[in-house]
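Pasting a structure here, questions to come.
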Amino acid sequence: MSVNTIEIKNKVYKILSEIPDPEIPVVNIVEMGMIADVLINENEPIVVQMMPTYTACPATWQIQSDIEKELNKNNLLAKVEIVYSPAWTTDRISKEALKKLEKYGIAPPQNGVTIHALMNADYKITCPHCGSMNTELISTFGSTPCKALFRCQHCKEPFDYFKCHL
């Protein structure tokens, strides 16, 4: 990879790291692990490979549009390729983003607890508001398909849990 290619790739990642997730504006698409790769070939548009956090994520097309718009605004001709394989997993979320989710009031993925596990057992998810483990599952779907809705029995606050996708 040439020095110029590395510089362009770094510039692309910097721009991408300024694009917020439209459903969770406190985190960006890079720290959510949604960028699989950036491909640069001379005299061709830059290809950004994006992994949606959920197969049926309603924000996929908005994110695709935001990427193309921001890169084009910076004089970088680009197109977005949606990548479903390998599938995105919550392991791709950066440690910084996990902290931001919790501070925002969304319980980050915990101990590999998937939606199937939530439905088949009495898992307790830590409340992002007060830290209590005295919580209950209200619905397997929260404000978005990638989250489940919980309620804390201690502080009585509802909260979303970002479901593990393994």
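Every number in this text was worked out from the coordinates using simple rules, so none of it is lab data. The shown structure was predicted, so the numbers you read here are calculated from the model rather than taken from an experiment. Positions of Cβ are generated from backbone atoms using ideal geometry, with glycine treated the same way; all protein chains shown enter the neighbour counts.
Give, as a single signed number, the net charge of other residues whose beta carbon lies under 15 Å from the beta carbon of SER85, with Lys and Arg counted +1 and Asp and Glu -1.
-1
Here's a follow-up. Ignoring everything except DSSP H segments at least 4 long, calculate the 222 nm mean residue ellipticity for the chain; use -39,500 (n - 2.57) per segment, divide by total residues, nearest 500. The partial results should precede the final answer.
Working: 4 runs with 44 residues, N = 166.
Result for the chain: -8000 deg cm²/dmol, rounded to the nearest 500.
Over the alpha-carbon set of the chain, work out the extent along each principal axis and list the three values in angstrom, largest first.
Result, largest extent first: 58, 26, 25 Å.
Size of the dipole of the chain about the Cα centre, Lys and Arg at +1 and Asp and Glu at -1 on the beta carbon, nothing else charged, in debye to 20?
It comes to approximately 380 debye.
Right, next: Cross-link partners among aspartates and glutamates for LYS156, C-alpha distance below 13 Å, same-chain residues fewer than 8 apart left out?
Within reach: GLU136.
Now for a separate question. For LYS9, which lysines qualify as cross-link partners when the Cα separation must be under 21 Å and same-chain residues fewer than eight apart are set aside?
LYS69, LYS73, LYS79
Quick one: what are the phi-derived ³J(HN,Hα) couplings along segment 19-24, Karplus 6.51/-1.76/1.60 with θ = phi - 60°, whole Hz, x for glycine and proline?
9, x, 5, x, 8, 9
In whole Hz, with x marking every Gly and Pro, tabulate ³J(HN,Hα) for segment 79-92 from phi via Karplus 6.51 cos²θ - 1.76 cosθ + 1.60, θ = phi - 60°.
9, 10, 10, 7, 10, 10, 9, x, 6, 5, 10, 5, 5, 7
Hey, another quick one. Excluding same-chain residues fewer than 8 positions from LYS100, which aspartates and glutamates have a Cα within less than 14 Å of its Cα?
ASP21, GLU23, GLU31, ASP160
Starting from the 7 Å offset along Cα-to-Cβ, what nm value, one decimal, do you get for the label separation of ILE6 and TYR104?
Between ILE6 and TYR104, the simple spin-label model gives 3.3 nm.
What residues have an amide H closer than 5 Å to that of ASP21, excluding those fewer than 5 places away on the same chain, when H is modeled at 1.01 Å from N in the peptide plane?
VAL27, ASN28, ILE29
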